[in-house]
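Read-outs: derived from the displayed coordinates by stated rules, not from any lab. Not measured: the values here are computed from a predicted model. Positions of Cβ are backbone-derived with ideal geometry, glycine not excepted, and every protein chain shown enters the neighbour counts.
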Amino acid sequence: MEPGLRTYKLKAQIIKAMAHPSRLMMIDELAKGERCVCDLQKVVGADMSTVSKHLAVMRNAGIVEDRKAGLQVFYRLRVPCIIQFFGCVEAVMADRRASFRLTA
């Protein structure tokens, strides 16, 4: 059965939630394992409020989930295979570079 428009909208929501350099950096870091917000803040180099907003976007899209431990909040990837998407993006990037070299 062909996926309907709703399915494509959900896919777009997930991809949009990743579509920021800071979010991609956090996903890459979370691929190594659970991290507290303070660790992600160091990786991104942004203030706590900005990091929290990025994490909220990814949590709402189902990319990450959180766990509270005292005053700290820890995040992890809900579905770690999302990191495989990076490999596909990198393949497209490599192909673009190769195409550019061929036409230059």
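Numbers at a glance
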quantity	calculated
Label point at Ile83 placed 7 Å out along Cα→Cβ; residues across region 21-64 whose backbone nitrogen lies under 13 Å	25-35
Karplus (6.51, -1.76, 1.60) ³J(HN,Hα), θ = phi - 60°, over region 49-66, in Hz, Gly and Pro reported as x	4, 5, 4, 4, 5, 4, 5, 5, 4, 6, 5, 5, 8, x, 7, 10, 9, 10
Order of Leu10, Leu30 under a 10 Å beta carbon neighbour criterion, fewest first	Leu10, Leu30
Per-residue ³J(HN,Hα) for region 17-26, Karplus 6.51 cos²θ - 1.76 cosθ + 1.60, θ = phi - 60°, Hz, x for Gly and Pro	5, 8, 7, 8, x, 5, 5, 5, 4, 5
Relative contact order [Cα under 8 Å, 6+ residues apart], the chain, whole percent	25
³J(HN,Hα), Karplus 6.51/-1.76/1.60, whole Hz, each residue of region 30-40, x for Gly, Pro	5, 5, 7, x, 4, 9, 7, 4, 4, 5, 5
